[in-house]
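The values are calculated or read from the model by the stated rules, or taken from the named source; none is laboratory data. It should be emphasised that the depicted structure is a prediction, and the values quoted were computed from it without experimental measurement. Here Cβ is always computed from backbone atoms with ideal geometry, including for glycine, and neighbour counts include all displayed protein chains.
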Amino acid sequence: MLTFQEIIDNLQSYWEDKGCTKIQPFDMEMGAATFHPATALKAIGIQPWRVVFVQPCRRPSDGRYGQNPNRLQHYYQLQVLIKPNPINSQELFLNSLGAIGINKKFNDIKFIEDDWESPTLGATGLGWEIQCNGMEISQFTYFQQIGGYECKPVSLEITYGLERIATFVQNIESVYDIKIDKSGLTYKDIFLENEKQMSFFNFKYAPKDYLYESFRHFEQNSKILINQKLPIPAYEQCIKASHSFNLLDSRGLVSVSERQAYILRIRSLVQECCKLVIGNDE
Amino acid sequence: MMSDFILEIYGEEIPSSAQLLIEKSLLGSFNDLFKSFEIKYERIFSYSSSRRVVIFIKALSKQTSSTIKEIRGPRTNANQNAINGFMKSNKITNKKILDKKEINGKLYFVLLKKSNVKKVDIILQKNLPEILSSIGWIKSMRWGSNNDRWIRPIKNILCVFDKKVIKFNYAGVTSNFYTFGNYNINEKKIKFTDFQKYKKDLQKNKVKLDRTDRKKYIMAQLESYCTKNSLKKDFNESLIDRVSNSVEWPNAFFGSFSSEYFELPDFLIENILSDKQDYFSFKDMKNKLTNKFCFVSNLEKKNKNNLIKGNQSVLKARFSDAKFFIQEDKKKKLHERIDDLNHIVFYEKIGSLLHRSHRISNLVNEIYKSLGMKLDKKLNNLLISNADLSTELVKEFPNLQGRVGGFLATQEGLPKSLCTAISDQYNYEFPSSYKNLLTFVLSIAQKFDGIVGCFISKKKISGSGDPFGVRRSTLSIIKICIEKKLGINFLNLFNYLKELYVNQRIEIDIEYKFLDDYFRKRIIILLVELGFRQDVVKSSILGYDLNPYSIFQRVSKLSAFVKSSDGKKFLRAYKRIDALAEDLHIENLQSNMLIEAEELNLNRLLQEIDKKIKNKDKNFIFDDQSILNKITFVLNDFFDNVTVNVEDARIKRNRKILISKFNSCIKNLHNFSLIETK
């Protein structure tokens, strides 16, 4: 039985063998690995790019005080980005599952239509949510647009939900029972308390006024940096604004209607950043 | 000289919604191609599944037939230049090639042009890339570095006609002789020989090509399970479609979930089963939801334990998540949640959801009042109508907003009509059998407040999309007013809402004119969609109260009238006056200068209508058609017997004033000048 660490190692080695460079996580709170500049800012432009990395992600509203067997407000995604996408993208992906012991002959691997979009990043792609025996384990996307700009050539983005995959591979029902390594250490030992406390923060104590203020502050900074033609720091401010927004959302402070408006505000900034990146690339 | 043709585009998973669209588009393109080259064939078939789209043409001509086309030239006695020009444009040097033909008693040169026989395989080869690139996609994609589009990456193209490959390239793939078996099982490479064998080979390799076969196979498995377990054979049709499009070999697997989850409301269980997981749910003979479910997979039954266990545990996790939410949500009653709404921003600058709840509650009462009714005291508890927006369940399942509120209200024992209204308020349409008035009024109130709120906060909605759902909401409330016969004046509603905003100290800086234009445009769109003529709709809408139901009534009556023979006569008579009328209707008419009987009649009719307008609703004109017939008669009588442009300038001007006043008076009733007459 593969441990959590072995699953990560096997996937990374597999993709390294396929020509991807192993890079490290980005040091900011983000809702999904797509926000990592190695994805968001590299999927545009014409230069080839092949990377694999693990990214810790935070989705404050997914916190469940440690009580739900597979919902977490902090979790890990393993992401692969290959530009242009290989001809045999789907086979490569299925073989990568083989590398962690998931065989398509004995498991029902379904490609469920999921025209992925990240409204905040102004990104769209066509692809699938991958289910293994009914459980979503990955996202498989051919990027078509980022920040409103056409991706030419098209990048392939594969995002593995590592905890979900580990529960499947280790044949357990709760993420907290995941064996991290051979020492016997479990996910519970490392993260349960974190989930409990952070859920209190996300749902009850994240400071409301500060969040509104910080969102505006990051938005303003990003605008200033865009005017200075500094897309990388400007984009970092977008990541920060996005996290403030996610906290406002988990605090239940944003209605469904106003949520869209916040998203559009971040998107327009990301779009400006992409415009500058493309300009530099050309 | 006929032979069969096959085209199979094989690739990565094609979404269910796109499969039929691709088939239809390809059929259309092939038909157009065959028509333009006059290519004959016996029958054309199309198939699609999650991995392939197939066009099969039985007995397709191998070549086009030779046809003789007659090109008419100049008359035989035309000047030489014309004849030379005709010969030059048809690349003829010898005049003797031309024939002569008598047409309508005149003799013309004609050229009989024999078209060359063309080989159909060459035509296909040349046109196939164009056919594939001209699909009317709703969504499509590029991949790699190429620019061709398809729904998902293409892996292989099989294209054979007359036992030979038609070689062409699309999206980097070159056509060949091969197809593939079920991707999830062995994806065996199979050489194509003929269509019957192709179908058999696919079947052998776990591919049911025909959608109907896949559906029948699913149905048979579901029905046999129901018979064995005494369950109702009532299946979700759209789910059968979706599922049969998602696999090529639909094996059904059956699982169950713990009955502890029956504490979740049925709508939530069914939403998770069919919307989130694409599982079938089952009801017993008493129509009670059971704990059994079914999913469909390409895999063979020998793997069933693994599959069922996996799917059951996914369901368990989803249900336990939902259960956690409900337990949390039940800790607080709806009225206790009202204060929580105060912390949720509705739209920036227009306050919180609590502000919105107060406005909705007041709007509902105002609408009842405008309909001449009063809301029952027991039901007048509408501050809770929005309270479910603070629940965990709605945060997790936003599409269940309203339904969750209705469920919690029912659990609290609130009146049924109120629970139903809370539950269904976000529906965009209601069937004709749906009767709960409070639902309609609440639905109109919350959507109207949402639309106005969005315009205040966002100023304008640009582009063709509908990111805030405003366009959809607008059409919905217009539809509700029309279908449920609710005469609501939106200007009055807007003015009332404006006061509510002022009382909440919220600045409202949009003009009614903007909102009015916005609504009128949507009413026109909707009524035209319902089959009314655009000119009739426009004439009935401009200048009248913004009351969708009364506009609809007006359009219905006017539509019937303009189609009737009396209507046609009236419009002809009306056009006579409309053509002569000038901007003189405010001038004074000199009664003593009216001499002729016909102009005196016209003036008398003018007074009569004026009086009616003062006392009655303008719609009387379509309720009492005798007055329209009278207008037709009096107008025709006037124009047939009275000359307007007489020499005496004073009489001429006075008659023009009379005409203008009459026209203006009719326009007050209805703007007939916008109606087109043929």
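Assess whether residue A:215 counts as being within 12 Å of chain B (Cβ to nearest Cβ), more than 30 Å from residue B:312 (Cβ to Cβ), touching an Asp or Glu at 6+ places or on another chain (Cβ under 9 Å) and of a type in the set (A, V, I, L, M, F, W, C). Criteria not met by residue A:215.
Between B:669, B:635, B:674, the distinction of being hydrophobic (A, V, I, L, M, F, W, C) and in contact with a Ser or Thr (Cβ under 6 Å, 6 or more places away or on another chain) belongs to B:674 only. Residues that are over 22 Å from the mean Cα position of the chain (by Cα), assigned to a helix (DSSP H, G or I) and among the hydrophobic types (A, V, I, L, M, F, W, C) within the range A:171-200 comprise just one, A:200. Taken over the range B:122-158, the criterion of being among the basic types (Lys, Arg), farther than 27 Å from residue B:194 by Cβ and in contact (Cβ under 8 Å) with a residue 12 or more places away in the chain is satisfied by B:139, B:149, B:152.
Annotation note: of B:628, B:546, the sole residue that is touching an Asp or Glu at 6+ places or on another chain (Cβ under 8 Å), surrounded by 14 or more Cβ atoms within 10 Å (Cβ to Cβ) and not assigned by TED's automatic domain parsing to the domain that holds residue B:650 is B:546. Restricted to the range B:1-86, the set of strands (runs of 3 or more DSSP E) holding at least 1 residues that are of a type outside the set (S, T, N, Q), under 21 Å from residue B:121 (Cα atoms) and more than 14 Å from chain A (Cβ to nearest Cβ) comprises B:2-11, B:41-48, B:52-61. Just to be sure before I move on: is residue A:4 away from every other protein chain (no Cβ under 13 Å) and modelled with pLDDT of 95 or more in the structure I sent? Against the criterion (away from every other protein chain (no Cβ under 13 Å) and modelled with pLDDT of 95 or more), residue A:4 qualifies. Meeting the requirement of 2 or more residues that are of a type in the set (S, T, N, Q) and on the phi < 0 side of the Ramachandran plot, the helices (runs of 4 or more DSSP H) wholly within the range B:591-669 are B:597-615, B:625-641, B:649-669. Considering each of B:551, B:506 in turn, give the residue that is in contact (Cβ under 8 Å) with a residue 12 or more places away in the chain, under 19 Å from residue B:448 (Cβ atoms) and buried (at least 19 other Cβ atoms within 10 Å of the Cβ). Sole residue among the options that is in contact (Cβ under 8 Å) with a residue 12 or more places away in the chain, under 19 Å from residue B:448 (Cβ atoms) and buried (at least 19 other Cβ atoms within 10 Å of the Cβ): B:551. Assess whether residue B:329 counts as being more than 25 Å from residue B:509 (Cα to Cα), touching a residue at least 24 places away in the same chain (Cβ under 8 Å) and in contact with a Leu (Cβ under 8 Å, 6 or more places away or on another chain). Judged against the criteria, residue B:329 is a match. Please determine, by comparing only the residues of the range A:88-139 that are more than 9 Å from every other protein chain (Cβ to nearest Cβ), closer than 21 Å to residue B:275 by Cα and at pLDDT 90 or above, which one is surrounded by the fewest Cβ atoms within 10 Å (Cβ to Cβ). The qualifying residue surrounded by the fewest Cβ atoms within 10 Å (Cβ to Cβ) is A:129.
What number of residues in the range A:3-41 are of a type outside the set (S, T, N, Q) and not in a loop (DSSP other than H, G, I, E, B)? Adding up the residues that qualify gives 16. The residue of the range B:400-418 that is nearest to residue A:247 (Cα to Cα), among those that are part of a helix (DSSP H, G or I) and without any contact (Cβ under 8 Å) to a residue 24 or more places away in the chain, is B:406. Among the β-branched types (Val, Ile, Thr) and under 40 Å from the mean Cα position of the chain (by Cα), is that true of residue B:613? Answer is yes for this residue. Being outside the structural domain of residue A:244 (by TED's automatic domain parsing) and on the phi > 0 side of the Ramachandran plot is true for just one of A:98, A:66. Which residue is that? On inspection, the qualifying residue turns out to be A:66.
The residues on offer are A:203, A:168, A:143, and the sole one that is within 11 Å of another protein chain (Cβ to nearest Cβ), under 30 Å from residue B:306 (Cβ atoms), not in a loop (DSSP other than H, G, I, E, B) and not basic (Lys, Arg) is A:168. Taken together, the residues in the range B:242-253 that are buried (at least 18 other Cβ atoms within 10 Å of the Cβ), in contact (Cβ under 8 Å) with a residue 60 or more places away in the chain and not aromatic (Phe, Trp, Tyr) amount to 4.
Applying the condition of being of a type in the set (Asp, Glu) and buried (at least 19 other Cβ atoms within 10 Å of the Cβ) to the range A:145-166 and asking which residue is nearest to the chain's Cα centre (by Cα) yields A:157.
Of all the numbered requirements in (1) in contact with a Ser or Thr (Cβ under 7 Å, 6 or more places away or on another chain); (2) not assigned by TED's automatic domain parsing to the domain that holds residue B:371, residue B:580 misses one, and that requirement is (1). With respect to (1) surrounded by 15 or more Cβ atoms within 10 Å (Cβ to Cβ); (2) more than 10 Å from every other protein chain (Cβ to nearest Cβ), the lone exception for residue B:256 is condition (1).
For (1) of a type in the set (D, E, K, R); (2) away from chain A (no Cβ under 14 Å); (3) surrounded by 17 or more Cβ atoms within 10 Å (Cβ to Cβ); (4) out of contact with any strand residue (DSSP E or B) (no Cβ under 7 Å at 6 or more places or on another chain), each residue gets a yes or a no:
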position: B:319; (1), (2), (3), (4): no, no, yes, yes
position: B:329; (1), (2), (3), (4): yes, no, yes, yes
position: B:336; (1), (2), (3), (4): yes, yes, no, yes
position: B:344; (1), (2), (3), (4): no, no, yes, no
position: B:350; (1), (2), (3), (4): no, no, yes, yes
position: B:355; (1), (2), (3), (4): no, no, yes, yes
position: B:362; (1), (2), (3), (4): no, yes, yes, yes
position: B:369; (1), (2), (3), (4): yes, yes, no, yes
position: B:373; (1), (2), (3), (4): no, yes, no, yes
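Once the range B:300-317 is narrowed to residues that are closer than 15 Å to residue B:278 by Cβ and at the interface with chain A (Cβ under 7 Å from one of its Cβ atoms), the residue that is surrounded by the fewest Cβ atoms within 10 Å (Cβ to Cβ) is B:310. Do you know which of the residues in the range B:125-153 that are within 14 Å of chain A (Cβ to nearest Cβ) and among the hydrophobic types (A, V, I, L, M, F, W, C) is surrounded by the most Cβ atoms within 10 Å (Cβ to Cβ)? The extreme case among them is B:143. Just one of (1) part of a strand (DSSP E or B); (2) within 14 Å of another protein chain (Cβ to nearest Cβ); (3) aliphatic (A, V, I, L, M) fails for residue B:185. It is (1).
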